[in-house]
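Below: one structure, written as structure tokens.
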Amino acid sequence: MKIADLITWFEAWANPAWCESWDNCGWQIEPGVLQEKARVLVCLTPTLVVMQEAIALNANLIFAHHPLIFTPPKSLRTGEAIAEMVRLSFTHNIGIYTAHTNFDQVQDGTADVLAQILELKEVTPIVPTQGGLGYGRVGLLEPFLTLQELLAAIQTRLAPPNLIFSPSADLQQTISRVAVLGGSGASYISAVAKTGAQAYLTSDCKFHQFQESRDGNLILIDAGHYATERPACDRLVQKFQSLNLDWVQLSQKDEDFRQFFA
């Protein structure tokens with residue numbers, strides 16, 4: 001399959017026109033690879049380390065969740081990361097394409113995959129957008145779990161380096177309804193509270209957002225940005241493999257950008 005055909009297929013599923021006004025979905029760098037057979041390296045974040053991986057693997061497309069460019073740079077100078085990515089992209093003929101908030105909304109996107117990992121039932125979006133799609137997912141646990149069992153399941157299935165949750169007087173309380181949203185989802189706390197969810201799995205939550213959740217009787221669970229979004233990248237690889245691409249692989253050089261002192 002040619003890269004142009006792959007992008008056409010993807011955009012029919014996750015239209016870049018759905019991305020938020022502050023976002024930057026679609027082509028970040030297209031150095032003239034559209035008619036080449038797709039050799040795709042899928043990653044969460046396009047970094048110089050991932051670019052070097054793509055060069056070593058002879059990939060011609062880096063397909064990323066996070067945009068390389070959020071706002072137009074005022075200049076490109078030697079020694080700057082974006083400038084170096086542009087140079088290497090054109091030198092080695094490797095395109096960079098991003099699917100961000102459009103990918104967040106769709107079936108098998110970031111939130112949907114989290115809901116599947118937790119085996120939620122009767123799943124609906126936290127905030128609907130169009131056609132049954134939307135941001136986040138909320139659904140039922142079957143069977144119900146205690147809070148302690150839910151936290152253990154998240155730790156086992158997502159393997160976050162650090163799992164943070166709201167103070168709770170009772171780790172044995174029964175949890176039946178859970179909301180999930182991959183990446184930075186604290187701005188959706190009020191919307192989650194309206195769904196009747198007892199617990200909300202997301203990331204990048206601040207001190208007072210944990211307070212806000214506790215005051216609203218919502219258990220906020222922060223598993224980290226990387227752990228909550230990386231599984232959707234793996235699912236994307238599986239979907240690309242079903243298209244019989246020439247070659248596709250999940251990056252082994254994606255970075256969490258955080259370390260925790262044990």
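The values are calculated or read from the model by the stated rules, or taken from the named source; none is laboratory data. Just so it is clear, the model here is predicted, and its values are computed rather than measured. No Cβ is skipped: glycine too gets one built from the backbone with ideal geometry, and neighbour counts run over all protein chains shown.
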* helices (runs of 4 or more DSSP H) fully within segment 73-119 counting 3 or more residues that are over 24 Å from the mean Cα position of the chain (by Cα) -> 81-92
* With respect to residue 74, determine if the residue is free of Cβ contacts under 8 Å to residues at least 60 places away in the same chain, closer than 30 Å to residue 171 by Cα and out of contact with any Pro (no Cβ under 8 Å at 6 or more places or on another chain). => no
* Applying the selection to segment 219-237, what residues are of a type in the set (A, V, I, L, M) and either surrounded by fewer than 22 Cβ atoms within 10 Å (Cβ to Cβ) or within 26 Å of residue 108 (Cβ to Cβ) (or both)? -> 220, 221, 223, 227, 232, 236, 237
* Do we find that residue 184 is surrounded by fewer than 18 Cβ atoms within 10 Å (Cβ to Cβ), touching a strand residue (DSSP E or B) at 6+ places or on another chain (Cβ under 9 Å), under 21 Å from residue 209 (Cα atoms) and modelled with pLDDT of 95 or more in this structure? -> yes
* In segment 30-59, how many are touching a helix residue (DSSP H, G or I) at 6+ places or on another chain (Cβ under 7 Å) and either polar (S, T, N, Q) or surrounded by fewer than 20 Cβ atoms within 10 Å (Cβ to Cβ) (or both)? -> 6
* Asked: Give me the pairs: first residue in segment 79-103 and under 14 Å from residue 41 (Cα atoms) and at pLDDT 95 or above, second residue among the charged types (D, E, K, R) and surrounded by fewer than 24 Cβ atoms within 10 Å (Cβ to Cβ), beta-carbon distance under 7 Å, and six or more apart or on different chains, which are they?
  -> 95/30
* To do: Mind telling me which of the residues 101, 156 ends up being out of contact with any helix residue (DSSP H, G or I) (no Cβ under 9 Å at 6 or more places or on another chain) and among the β-branched types (Val, Ile, Thr)?
  => 156
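To keep it simple, each residue is scored yes or no on (1) of a type in the set (S, T, N, Q); (2) in the same structural domain as residue 194 (by TED's automatic domain parsing); (3) free of Cβ contacts under 8 Å to residues at least 12 places away in the same chain; (4) under 28 Å from residue 17 (Cα atoms).
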residue: 113; (1), (2), (3), (4): no, yes, no, yes
residue: 120; (1), (2), (3), (4): no, yes, no, no
residue: 123; (1), (2), (3), (4): no, yes, no, yes
residue: 128; (1), (2), (3), (4): no, yes, yes, yes
residue: 132; (1), (2), (3), (4): no, yes, yes, yes
residue: 140; (1), (2), (3), (4): no, yes, no, no
residue: 145; (1), (2), (3), (4): no, yes, no, no
* **Hits in segment 152-174 - residues which are touching a Phe, Trp or Tyr at 6+ places or on another chain (Cβ under 7 Å) and part of a strand (DSSP E or B)** => 174
* Among the numbered conditions (1) exposed (fewer than 14 other Cβ atoms within 10 Å of the Cβ); (2) over 25 Å from residue 156 (Cβ atoms); (3) touching a residue at least 60 places away in the same chain (Cβ under 8 Å), tell me where residue 242 comes up short. => (3)
* For segment 1-68, list the strands (runs of 3 or more DSSP E) that sit wholly inside it and hold at least 2 residues that are under 24 Å from residue 183 (Cβ atoms) and within 15 Å of the chain's Cα centre (by Cα); which are they? -> 39-43, 61-64
* Asked: Any idea which residue in segment 120-149 is surrounded by the most Cβ atoms within 10 Å (Cβ to Cβ), counting only those that are touching a Leu at 6+ places or on another chain (Cβ under 9 Å) and part of a loop (DSSP other than H, G, I, E, B)?
  -> 136
* To do: Any chance you could count how many residues in segment 150-173 are at negative phi and surrounded by fewer than 16 Cβ atoms within 10 Å (Cβ to Cβ)?
  => 15
* Structure fact -> Among helices (runs of 4 or more DSSP H) entirely inside segment 175-262, those with 1 or more residues being assigned by TED's automatic domain parsing to the domain that holds residue 55 and more than 18 Å from the chain's Cα centre (by Cα) are none
